[in-house]
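**Student:** Quick one: structure below, then a few questions.
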Amino acid sequence: MAFGTRPFPSRSDLPAGSGRDGGRTGGRAGSRGDTERRAPAPPADPVDAARQICLNQLEHAPRTRAELGAVLRRKGIEDDVAEQVLSRFAEVGMIDDALFAQMWVTSRHRGKGLARRALSQELRRKGVDDDAVAEAVATLDPEVELATARALVDRRLRTTTGLTTDARVRRLAGMLARKGYPAGVAFRVVKEALAAEGVEAELAFDELSGLDDEPAG
C-alpha cells in the first residue's frame, strides 16, 4: 500500500555513502590475495527498520497495533520511533484495530464456533480496546450464536453415547462454556439435544459453574 505524499525514507533517500556497504569497499587483500573486505555497514535508519519489521509482520497476517508494538519492542526499536511508525501505518489504513476485531469475530465464530465472551477475551489479549471489542462482538447475532451452539452439540452428541446423562451434560455443556457460551445457554442447548433422543437431563446451575475454567479452543 502506498504511503501517500509523505512516505517514510527509503534507502535511496539516504546520503551518499550511507548504503548497506557504507559506499566503499576495503582494498586490503586477503590471505589469498583475491578477496576484498567491505567496511562494516552503518546502523540502519531506525524508522526504516521499524517500518520493514511491520511490513514483514503484516505479510503473514493482519495484526493489531499492540501486537506490532510488542514486536518492535522485542526487536529493540525505541518507543518514540515505534509510535511514529505505528501512527503512520494507522493513518494510511494498514493498521485498523476496529476492522481487525470485526474480521476476527466473523472468522473465529465461523471457524471455531466461539461465542461473544470468548471472542472478547481473545481480542483484549491482542490489545484491542474495549470500545472496539464491544462494537465487534455486537455484530454477532444472538440467533446465529444460538444456532452455532446447537450445531456444536449435535456434532459432539454421538461421542457421549454410553455415558451417564449427568456426564453427557457436563461434557457437552463444558465444551460450550469453554467456547464462551453462558452456562444457561449451554444447559438449554444440551437439554434440548438430549430431549430429542428421549433423554431427560436435569443438572443444577451451580453444578455448571465450574465448566468454563478451560480456555476457548
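**Student:** State which residue is nearest to Lys126 (Cα to Cα) when the search covers only region 90-106 and only residues that are part of a helix (DSSP H, G or I) and among the aliphatic types (A, V, I, L, M).
**Tutor:** Looking only at region 90-106, we keep the residues that are part of a helix (DSSP H, G or I), and these are 90-91, 97-106.
Subset that is among the aliphatic types (A, V, I, L, M): 90, 98-99, 101, 103, 105.
Details: Ala90: 16, Ala98: 12, Leu99: 13, Ala101: 10, Met103: 13, Val105: 13 Å.
Selected residue: Ala101.
**Student:** Those residues that are surrounded by fewer than 19 Cβ atoms within 10 Å (Cβ to Cβ), closer than 30 Å to Met103 by Cβ and more than 23 Å from the chain's Cα centre (by Cα), I need them from region 143-173; list them, please.
**Tutor:** Glu143, Leu146, Ala147, Arg150, Ala151, Asp154, Arg155, Arg156
**Student:** Within region 130-147, is there a residue that is touching a helix residue (DSSP H, G or I) at 6+ places or on another chain (Cβ under 8 Å) and under 21 Å from Ala195 (Cβ atoms)?
**Tutor:** Yes, region 130-147 contains a residue that is touching a helix residue (DSSP H, G or I) at 6+ places or on another chain (Cβ under 8 Å) and under 21 Å from Ala195 (Cβ atoms).
**Student:** Could you please give the count of residues in region 67-89 that are small (Gly, Ala, Ser) and not in a helix (DSSP H, G or I)?
**Tutor:** In the first step, residues of region 67-89 are kept if they are small (Gly, Ala, Ser); the result is 69-70, 76, 82, 87.
Now drop any that are not not in a helix (DSSP H, G or I), which leaves 76.
Looking only at that region, the number is 1.
**Student:** Can you pull out the residues in region 170-217 that are among the small types (Gly, Ala, Ser) and modelled with pLDDT of 85 or more?
**Tutor:** Keep residues of region 170-217 that are among the small types (Gly, Ala, Ser), which gives 173-174, 177, 180, 183-184, 186, 193, 195-196, 198, 201, 204, 209-210, 216-217.
If the condition is that a residue be among the small types (Gly, Ala, Ser) and modelled with pLDDT of 85 or more, then Ala173, Gly174, Ala177, Gly180, Ala183, Gly184, Ala186, Ala193, Ala195, Ala196, Gly198 are the ones that fit.
The values are calculated or read from the model by the stated rules, or taken from the named source; none is laboratory data. Owing to the predicted nature of the structure, the values given are computational and were not obtained by experimental measurement. Reconstructed Cβ throughout: ideal geometry from the backbone, glycine too, with neighbour counts over all protein chains shown.
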